[in-house]
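Notes to accompany the following structure.
What follows is calculated from the coordinates using simple rules that are stated; it is not laboratory data. All values derive from a computational prediction rather than experimental measurement. Here the Cβ positions follow ideal geometry from the backbone for every residue, glycine too, while neighbour counts run over all protein chains shown.
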């Protein structure tokens, strides 16, 4: 076989390097979440709280506060896990999510919005934020964004 034409088997080693270990773990979490949802075993809030409990500090503390802020600001959003992370959905579509910085060995956690979020503002608007800690001002800003996103 020529170098230009390799079988799918021979490229397997290179293909396995496309995703990091953390990304592969997140994909496996997604498959578990989908199986649980299809079987009716998904527990929404308790699943989210369990994922938060698994986190190390400071991400655990941030995730707990975010959970409270989101529930207070947009009680219509339903907690669920998404790629193994806490997320909040409307009509089954993820509106916002929290990603632990430790999950992907990042120096900060991320709070983000998906396209189901009602945040459109002209031609450009932010869809994710780096979080190092939550102050009262940051919580207030996130609460306002989540309320708007869920509207």
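Using every alpha carbon pair in the range 20-150, what percent of pairs falls into each 10 Å bin from 0 up to the bin containing the largest distance?
13, 45, 35, 7, 0
Exposure proxy check: 70, 142 ranked by fewest other beta carbons within 10 Å?
Fewest-to-most Cβ neighbours within 10 Å comes out as 142, 70.
Which ordering of 125, 82 is given by a fewest-first count of other beta-carbon atoms within 10 Å?
125, 82
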